Amino acid sequence: MVHVALGLQHAPLEGTGAQMASDQRVLWECPLNALVLRKPDLVINHTNQTREVLVQDTSHRIHLISATGKLLWSRQLDGPILGRVHQVDRFKNGKLQLLFNSARSFYLIDRNGKDLGGFPVGFPAQATAPLAVFDYENTREYRVLVPLADGRIHNWGVDGLAVQGWERPAREEGERGRGASAPPRQGPSARGDE
């Protein structure tokens, strides 16, 4: 069953087309070369704590747009982003990076749109859902879990390496494609500790 909620508000505008456009109170516009593919993600600029907008277009390019509407950078990806874009502090220095996945890879990108060393990381099989990020003890020791088409959930650190000691659990038959939305059992084997 699908539920759809729609809210409309009618506020008639008077005047010519030019007057109507100015009355819409557009804060800024940023032209792109292709249509936007997915809903925008709001991300924090760690240098000044403003919010910026990350969008992906139909040619699978992502674009970071400042709070004032300035296009900061654009770059190509290997496919559409699955799920939302996460921000992590890989180096524990207050600087945030963008973490997300496509069906074929997961990416860790710095504030300037550049890949961090070792990224993107290609998957051994296609991702069936968005990645999930866990920081078990709020120490910025992130774990990235991704369900793949091989029927297993894979676990990486934000260094791009598989977590040692992690036994990739097979998903139950009805779980294919659901995603890694709940944290797995915590403890030594869940964190990859020996």
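Taking every residue in segment 142-166 that is on the phi > 0 side of the Ramachandran plot and outside any strand (DSSP E or B) and pairing it with any residue that is among the acidic types (Asp, Glu) and surrounded by fewer than 21 Cβ atoms within 10 Å (Cβ to Cβ), at least 6 positions away or on another chain, the pairs with Cβ-Cβ distances below 8 Å are 165/193; 165/194.
When only residues in segment 21-58 that are β-branched (Val, Ile, Thr) and either in a loop (DSSP other than H, G, I, E, B) or farther than 15 Å from residue 71 by Cβ (or both) count, which is modelled with the lowest pLDDT? Applying the filter and picking the extreme gives 26.
Restricting attention to segment 100-122, which residues are closer than 20 Å to residue 58 by Cα and out of contact with any Asp or Glu (no Cβ under 9 Å at 6 or more places or on another chain)? 101, 106, 113 - these are the residues of segment 100-122 that are closer than 20 Å to residue 58 by Cα and out of contact with any Asp or Glu (no Cβ under 9 Å at 6 or more places or on another chain).
Tell me yes or no: at least one residue of segment 137-160 is touching a Pro at 6+ places or on another chain (Cβ under 6 Å) and either modelled with pLDDT of 95 or more or surrounded by 16 or more Cβ atoms within 10 Å (Cβ to Cβ) (or both). Yes, segment 137-160 has at least one match.
Scan segment 73-88 for residues that are under 19 Å from residue 48 (Cα atoms), touching a Phe, Trp or Tyr at 6+ places or on another chain (Cβ under 9 Å) and of a type outside the set (A, V, I, L, M) and the total you get is 1. Just so you know, in segment 91-127 the residues that are part of a loop (DSSP other than H, G, I, E, B) and charged (D, E, K, R) include one that is surrounded by the most Cβ atoms within 10 Å (Cβ to Cβ), and it is 111.
The values are calculated or read from the model by the stated rules, or taken from the named source; none is laboratory data. Fair warning: this is a prediction, and the values are worked out from it, not measured in the lab. Reconstructed Cβ throughout: ideal geometry from the backbone, glycine too, with neighbour counts over all protein chains shown.
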